[in-house]
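J.: Please find one structure pasted underneath; my questions will follow.
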Amino acid sequence: MYERILAPLDGSKVGEAALPYVEELVSKLAPEVKVEVTLLQVVPSLTHHIVAGGADFQAPYTPEELEKIKKKAVDYLDKAGEGLRSKGAKVKTKVAVGSAAEEIIKAADKINADLIAMSTHGYSGISRWAFGSITDRVLRGGDKPMLMVRALKGTA
C-alpha cells in the first residue's frame, strides 16, 4: 500500500500537477492508513551566472545565498503541503542540492518510498531531446513505482 509517497516539486504550476492526484489518493487511504508524503525540491546548481563588465562567468553560491535558496524552497514546500495535511497526510519537506533525477532517486531510496508522484511537461520530439526529461530519467534510473501526471497545456 502507499504509506510513503515522494512528490518532487520544482516550484512551478506544471511541477505541481501531480499534487491533486496525491491528495485524492491520501483522502481515500486516510485515516485507515497513515500516509507520509515527502515533498522534495532539488536546487539544481551550486553556481550562478554573473555578468560584469561584459564578461559572463559562473560563480559558486556563498553559504548565505545557499541558505536563502533552501529557506525559500522549504517555505514553498510547506505551503504546497497544506492540501495534503488537510486530507490527513503527514507531510515532510526536504531540499537537496545536485542533479534533480539523481537526488529524486536517492530520496526515494532513503525514505523507502512506495510511490514517486511527479508531473511531466509532456515534451516530445526535439524539445524532449533538447530539454531532457527528469521524469523519464527517474523512471529509467530508479526502481520505485511511479505516478506520472502530464501537466495540462497552458499551465505555467
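The values are calculated or read from the model by the stated rules, or taken from the named source; none is laboratory data. In this text the structure is predicted, and so the values were computed from the model without any measurement. Don't worry about glycine lacking a Cβ; one is built from the backbone with ideal geometry, like all the others, and counts go over all protein chains shown.
J.: In this structure, does L6 turn out to be in contact (Cβ under 8 Å) with a residue 60 or more places away in the chain and part of a strand (DSSP E or B)? Before the answer, list the steps.
T.: Values: in contact (Cβ under 8 Å) with a residue 60 or more places away in the chain: yes; part of a strand (DSSP E or B): yes.
For L6, the condition - in contact (Cβ under 8 Å) with a residue 60 or more places away in the chain and part of a strand (DSSP E or B) - is met.
J.: What is the residue count in segment 110-126 for residues that are modelled with pLDDT of 95 or more and not polar (S, T, N, Q)?
T.: The total comes to 7.
J.: Same structure again: Quick check: anything in segment 69-78 farther than 25 Å from K13 by Cβ and either at pLDDT below 95 or loosely packed, with under 11 Cβ neighbours inside 10 Å (or both)? Give the derivation first.
T.: At the first step, the residues of segment 69-78 found to be farther than 25 Å from K13 by Cβ are none.
Within segment 69-78, not a single residue is farther than 25 Å from K13 by Cβ and either at pLDDT below 95 or loosely packed, with under 11 Cβ neighbours inside 10 Å (or both).
J.: Those residues that are over 15 Å from the mean Cα position of the chain (by Cα) and either within 16 Å of M148 (Cβ to Cβ) or basic (K, R) (or both), I need them from segment 5-32; list them, please.
T.: Passing the criteria: E24, L25, K28.
J.: Okay, moving on. Please go through segment 28-57 and give me each residue that is modelled with pLDDT of 90 or more and not charged (D, E, K, R), ordered by number.
T.: Selection gives V35, V37, T38, L39, L40, Q41, V42.
J.: Would you confirm whether any residue within segment 13-36 is in a strand (DSSP E or B) and out of contact with any Leu (no Cβ under 9 Å at 6 or more places or on another chain)?
T.: For segment 13-36, residues in a strand (DSSP E or B) and out of contact with any Leu (no Cβ under 9 Å at 6 or more places or on another chain): present.
J.: Filter segment 41-68 down to residues that are of a type in the set (V, I, T) and under 23 Å from A7 (Cβ atoms) and give me whichever is surrounded by the most Cβ atoms within 10 Å (Cβ to Cβ).
T.: The residue in question is V42.
J.: I'm trying to understand the selection: among the residues of segment 38-95, which are part of a loop (DSSP other than H, G, I, E, B), hydrophobic (A, V, I, L, M, F, W, C) and under 23 Å from T135 (Cα atoms)?
T.: Across segment 38-95, the qualifying residue is only L46.
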